[in-house]
Amino acid sequence: MRIGVVLYPTFGGSGVVATELGKYLATEGHEIHFITYSQPVRLDFMSDSIYYHEVRIPDYPLFQYPPYETALASRLVDVAVREHLDLIHVHYAIPHAFAAYMAKMMLLGQGISIPIVTTLHGTDITLVGKHPSYKPAVTFSIEHSDYVTSVSESLKSETRSFFGIQKPIEVIPNFIDFQMYRPNLPCKRDKWAAENERIVVHISNFRKLKRTADVIRIFEGISNELPARLLMIGDGPDRDRSEQLVWDLGLSNRVRFIGKSTDIAPLLCISDLFLLPSESESFGLAALEAMACYVPAVTTNAGGLPEVNVHGQTGYLADVGDVNAMVQYSLDILRDTNTLEGFKTRAYDHAQKFSVDQVIPSYVSLYERAVQEHKAHNL
């Protein structure tokens with residue numbers, strides 16, 4: 001199949017999943033066309049089966065906010081016609097599903113009919129989509145997609161209840177390629193911590209909903225009880241406040257801010273515990289990536305996290321903002337080496353349920369069904 005993939009090309013989970021999905025499908029013989037405003041950060045190679053089509057936005061002084069949706073829709077039409085696409089898969093409802101609908105209408109004017117698959121990832125529904133300015137457009141975009149998927153049962157339920165969606169939504173969870181987290185990675189632990197110290201890690205885009213201040217306060221509680229180091233991986237609007245809090249709490253010699261990284265496996269493989277005290281997570285891809293590296297997780301019970309992190313088995317779950325509970329759960333995991341090893345093994349075993357070979361066949365099956373049903377409908 002020739003598949004157009006529309007995504008945000010940034011470090012966020014939706015962009016990572018969309019890029020890895022396209023890369024994997026290309027190895028299976030499909031032709032993948034990434035369509036976005038810059039090359040995706042995880043798109044580290046091109047091949048005869050992978051193409052990147054840039055969406056260019058004209059710099060015109062009349063527009064205070066350049067109309068990206070219009071440029072994207074036009075680019076989708078151009079790529080669909082020139083590359084003879086069989087299907088367009090958009091990740092994120094706003095603005096991608098809306099732009100895809102506009103493109104579909106323009107293509108119908110040329111006698112071309114292409115099915116649209118929309119995958120809901122999270123903040124397009126839980127934050128942006130709920131804003132009164134966007135809610136009607138989100139509802140319309142979902143209802144007028146040919147096929148809709150969500151990355152968790154929690155997100156599916158929230159989408160239905162808030163937007164009143166009647167269209168079927170198929171749950172296909174996020175996934176990871178275990179080849180990227182293979183055990184023979186060079187795990188240089190002594191670079192980051194002494195032999196007797198535990199290594200705690202957090203990965204996010206440092207937005208408000210990630211509650212990075214909670215990460216630091218949880219670590220403070222941990223480090224008061226046992227020798228430990230904290231690695232803060234990522235960047236975003238709350239980084240400066242997080243660094244200031246570390247300084248105020250006197251933790252500067254035990255906390256390292258790493259910044260953005262496209263290669264997190266060498267850092268995860270040296271870690272003993274992953275912290276994700278988020279206010280909202282539609283799935284929790286970062287936690288799954290940690291678990292794939294034998295790292296148990298202490299997370300909140302928000303959104304789809306209970307579908308990834310099994311309480312008492314792969315880590316622990318706590319209410320949003322309950323720092324004291326997360327400190328105690330962390331210490332329960334970290335204090336005893338045998339207990340820690342048990343959590344590590346169970347985390348890895350559970351993560352394998354979300355491997356590419358377990359999840360991606362569901363996407364391929366959906367694509368095949370979409371193309372076949374679309375052809376039958378248009379005969």
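What follows draws every value from the coordinates through simple rules; no lab data is involved. Computed from a predicted structure; not experimentally measured. Don't worry about glycine lacking a Cβ; one is built from the backbone with ideal geometry, like all the others, and counts go over all protein chains shown.
In table form, for the structure just shown:
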{"item": "Residues of segment 267-285 with amide N under 19 Å of the 7 Å Cα→Cβ point at Asp177", "result": "267-269, 285"}
{"item": "Kyte-Doolittle at least -1.0, axis length at least 30 Å by Cα - qualifying DSSP helices, the chain", "result": "356-377"}
{"item": "Value of relative contact order over segment 191-277, rounded to a whole percent, pairs C-alpha under 8 Å and six or more apart", "result": "42 percent"}
{"item": "At R0 = 41 Å, FRET efficiency that the Cβ-Cβ distance of Lys167 and Glu243 yields, to 0.05", "result": "0.40"}
{"item": "The chain, helix-only ellipticity at 222 nm - DSSP H runs n ≥ 4, -39,500 (n - 2.57), divided by all residues, nearest 500", "result": "-12000 deg cm²/dmol"}
{"item": "Under DSSP loop assignment and at most 13 Cβ neighbours within 10 Å, longest GluC sites (Glu not before Pro)-free interval of the chain", "result": "29-194"}
{"item": "Sorted by Cβ neighbour density within 10 Å, fewest at the top, the residues Trp247, Trp192", "result": "Trp247, Trp192"}
{"item": "Extension gain from Leu108 to Arg369, taking 0.36 nm per residue of separation minus the Cα-Cα distance", "result": "91.9 nm"}
{"item": "Furthest towards positive pole of dipole, Val81, Met46, Thr262, structure part the chain, Cβ charges", "result": "Val81"}
{"item": "Whole-angstrom Cα spans of segment 178-354 along principal axes, big to small", "result": "40, 36, 31"}
{"item": "Contact order relative to length of the chain, as percent, for alpha carbon pairs under 8 angstrom and 6 or more apart", "result": "13 percent"}
{"item": "Sequence of Ser280, Ser74, Ser161 once ranked by neighbouring C-beta atoms within 10 Å, starting from the fewest", "result": "Ser161, Ser74, Ser280"}
{"item": "Residues of segment 296-310 with amide N under 12 Å of a point placed 7 Å along Cα→Cβ from Asp322", "result": "299-302"}
{"item": "Packing-based exposure ordering (other Cβ within 10 Å, fewest first) of Phe34, Phe178, Phe354", "result": "Phe178, Phe354, Phe34"}
{"item": "For the chain, convex hull of alpha carbons as volume per residue, Å³", "result": "147 Å³"}
{"item": "Segment 301-358 shape via C-alpha gyration tensor axes, a/c threshold 1.5", "result": "oblate"}
{"item": "Residue list for segment 297-337, given a label point 7 angstrom along the Cα-to-Cβ vector of Leu226 and an amide N cut-off under 18 Å", "result": "297-299, 312-317, 324-337"}
{"item": "Potential extension, His377-Arg189 segment - 0.36 nm per residue separation minus Cα distance", "result": "61.9 nm"}
{"item": "FRET efficiency, 1/(1 + (r/R0)^6) with R0 41 Å, evaluated for Asp48 and Ser133 via beta carbons", "result": "0.45"}
